[in-house]
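The values are calculated or read from the model by the stated rules, or taken from the named source; none is laboratory data. None of the values given here were measured: they were computed from a predicted structure. Glycine gets a Cβ as well: all are built from the backbone with ideal geometry, and neighbour counts include every protein chain shown. We work out accessible area using only protein heavy atoms, side chains counted, and drop any ligands, DNA or RNA first. Shrake-Rupley method; radii C 1.70, N 1.55, O 1.52, S 1.80 Å.
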Amino acid sequence: MTKLIVGLGNPGEEHQEDRHNAGFWFVDALAKQLGTRFESEKRFHGKVAKARYEGEDLYLLKPSTFMNLSGQSVGALCRFQKITAADVLVVQDELDLKPGTARIKLGGGTGGHNGLKDIQAHLGTPDYWRLRLGIGHPRDLAANGRAMDVADYVLRRPQLAEQKLIDASIENGLLVLPLFLKGDVQAAMLELHSKG
């Protein structure tokens, strides 16, 4: 069973509404649903919430290292709690999916996502689960053939219509999470991938 769900994002009020913080939005919503709260944990370089789920400990993590060093936080908690990569679900923003779309996958490339690169380096494997929340790509918004820089795009607030779609994909992810957590991954993927 999944023992750790990591939401990726950047700490600080100035980043709260950035597209890059979609992972934080997901774990915040999950913590609320589970009736648990995040507490700062220096030894894990982040904020940690703990819940009991189906009789097992389930940890939620928001690294406070900034996105590019997320692995430092994930690696520290995994080592301390003896959690293997296969028991980790990382929730991330995904440029290659349109807002409103969410996908679950195991392993694979990082797609240039620096947070994932660092997690892979610290876990020593790409074989951890990902929940990818679509935020769209700046090229989709390009007018007159000039796309916004990716770094600028992910560090900006989504337009209202986009935000509603991202919120819906988070809701869909939360709806299939019980299936995923009990190990019925195929059913969770089928249900989630048929939406959005």
Rounding to the nearest 10 and keeping the result within 0 to 90°, find how far the Cα-based axis of helix 160-181 lies from the longest principal axis of the chain. 30
Taking only protein heavy atoms into account and a 1.4 Å probe, give the accessible area per residue of segment 44-196 in Å². 49
From the backbone phi of segment 69-84, what are the Karplus-calculated ³J(HN,Hα) couplings (6.51 cos²θ - 1.76 cosθ + 1.60, θ = phi - 60°) in whole Hz, Gly and Pro given as x? 10, 4, x, 4, 6, 4, x, 4, 5, 4, 5, 5, 8, 6, 9, 7
According to a simple spin-label model (label point 7 Å from Cα along Cα-to-Cβ), what is the distance in nm between residue 56 and residue 151? 3.9
What ³J(HN,Hα) values, in whole Hz, does the Karplus curve 6.51 cos²θ - 1.76 cosθ + 1.60 give for segment 6-11 when θ = phi - 60°, with x put for Gly and Pro? 9, x, 9, x, 10, x
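Can you tell me the length gained on complete extension of the stretch residue 191 to residue 171, counting 0.36 nm per residue apart and subtracting the Cα distance? Before the final figure, lay out the partial values.
On the way: separation 20, 0.36 × 20 = 7.20 nm, distance 1.26 nm.
Residue separation times 0.36 nm, minus the Cα-Cα distance, leaves 5.9 nm.
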Return the FRET efficiency for the residue pair residue 82, residue 33: r is the Cβ-Cβ distance, R0 is 25 Å, and the value is rounded to the nearest 0.05. 0.45
Can you list residues whose amide H is under 5 Å from residue 91's amide H, if they're 5+ apart or on another chain and H is modeled 1.01 Å from N? 6, 7, 8, 131
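If you build the convex hull over the alpha carbons only and average its shadow over all orientations, what do you get for segment 53-141? Give it in nm² to one decimal.
Values: hull surface 25.6 nm².
Value for segment 53-141: 6.4 nm².
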Relative to the longest principal Cα axis of the chain, at what angle does helix 114-123 sit, 0 to 90 degrees, rounded to 10? 20
At 7 Å along the Cα-to-beta-carbon direction for both residue 159 and residue 106, put a label point, then send me their distance in nm to one decimal. 3.9
As a test of the formula, what do you get for the chain when each DSSP H run with n ≥ 4 contributes -39,500 (n - 2.57) and the sum is divided by the residue count, at 222 nm and rounded to the nearest 500 deg cm²/dmol? -11500 deg cm²/dmol
Under 13 Å from residue 50, Cα to Cα: aspartates and glutamates that are on another chain or at least 8 residues apart: 28, 39, 41
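Expressed as a whole percentage, what fraction of the accessible surface of the chain belongs to carbon and sulfur atoms when a 1.4 Å probe is rolled over the protein heavy atoms?
Details: 4740 of 9680 Å².
Reported share for carbon and sulfur atoms: 49 percent.
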Helix 22-34: inclination vs the chain longest Cα principal axis, degrees, rounded to 10, gives 40
